[in-house]
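The structure appears below as structure tokens.
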Amino acid sequence: MYRVMLIDDEMPVRKLMRSSIDWASLDMEVVGEAASGIEAINVIDDMRPDIAFVDISMPFMNGIEFTEVATKHYPDLIIIIMTAFDKFEYARKCVSLPVFDYMLKPMVRDEVTETLQRVKARLDARLGDRNSLVFGSADAADDQSGDDASVSDRIMRYIEANYTDSCLNLTSVAQQFGFSSSYLSRKFKQETGRNFLEYLTECRMKKAIELAEKN
């Protein structure tokens, strides 16, 4: 199961998050809590979370500061920022950080669940990619020169699960799958008829249109 950590200085918020979300159905479990960024940093090695819900406004170390520190040491940690302050400046700072999503309090259960479903898709894809690299490493060299028509399908699924990641680009995806950037670019174009950036932009634009239609 994927491990979740709740970081918020308000205990009622943490309790509500624990009780209102059907974690088991998402293949997740809450493994720990913290009332501040400092406390979270001190226990994160023991908790080993895959996902962290982080309040942006906390004493001693706020959510932005925690995110800056945590992502340097745990680059795979998925962070979801929570805040009751609907201010552009807070949002702007979060956008510049590797944050998966930004959610306003009070949290809506259906919205949290939808976000967690997207998180699960990313984690599942990441796990599948790692398994492919581990069990398929002997065939990697052959894949670069042979027939690997499934590569583009895997890349497209990965993009669809991770398009919200501001750090997602050709180089990062190539590294994730164990290919060179030039090989992946050429192969993707050959099999799909469009380049990597075009497809990534298309995914993001489709989601933007969906959000716009929902106001």
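The values are calculated or read from the model by the stated rules, or taken from the named source; none is laboratory data. Since the model is a prediction, treat every value here as computed from it, not as a measurement. Using ideal geometry, Cβ is built from the backbone for each residue, glycine included, and neighbour counts are taken over all protein chains shown.
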Single condition residue 85 does not satisfy, out of (1) part of a helix (DSSP H, G or I); (2) aromatic (Phe, Trp, Tyr); (3) at pLDDT below 85: (1)
Residue check for residue 13: in the same structural domain as residue 97 (by TED's automatic domain parsing), assigned to a helix (DSSP H, G or I), of a type in the set (Val, Ile, Thr) and surrounded by fewer than 20 Cβ atoms within 10 Å (Cβ to Cβ): yes
Is it the case, given these coordinates, that residue 212 is in contact with a Leu (Cβ under 6 Å, 6 or more places away or on another chain), part of a helix (DSSP H, G or I) and of a type outside the set (Val, Ile, Thr)? no
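Here is a yes/no grid of residues against (1) under 20 Å from residue 126 (Cβ atoms); (2) within 20 Å of the chain's Cα centre (by Cα); (3) buried (at least 16 other Cβ atoms within 10 Å of the Cβ); (4) at pLDDT below 95:
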position	(1), (2), (3), (4)
26	yes, yes, yes, no
48	yes, yes, no, yes
51	yes, yes, yes, no
58	no, no, yes, yes
63	no, yes, yes, yes
75	yes, yes, no, yes
In the stretch 157-187, which residues are over 19 Å from residue 204 (Cβ atoms) and among the charged types (D, E, K, R)? 186, 187
Taking the stretch 110-125 on its own, how many of its residues are of a type in the set (Val, Ile, Thr) and under 24 Å from residue 154 (Cβ atoms)? 2
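Residues checked against (1) at pLDDT 80 or above; (2) under 19 Å from the mean Cα position of the chain (by Cα); (3) in the same structural domain as residue 71 (by TED's automatic domain parsing); (4) surrounded by fewer than 17 Cβ atoms within 10 Å (Cβ to Cβ):
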residue	(1), (2), (3), (4)
161	yes, yes, no, no
166	no, yes, no, yes
170	yes, yes, no, no
176	no, yes, no, no
186	yes, no, no, yes
189	yes, no, no, yes
194	yes, no, no, yes
208	yes, yes, no, yes
Those residues of the stretch 50-66 which are over 22 Å from residue 18 (Cβ atoms) and not in a loop (DSSP other than H, G, I, E, B) amount to 64, 65
Quick check on the stretch 16-35. Is at least one of its residues of a type in the set (Asp, Glu) and in a helix (DSSP H, G or I)? no
If we keep just the residues of the stretch 96-117 that are touching a strand residue (DSSP E or B) at 6+ places or on another chain (Cβ under 8 Å), assigned to a helix (DSSP H, G or I) and not hydroxyl-bearing (Ser, Thr, Tyr), which is modelled with the lowest pLDDT? 111
Residue list for the stretch 36-49, restricted to those being under 23 Å from residue 117 (Cβ atoms) and assigned to a loop (DSSP other than H, G, I, E, B): 48, 49
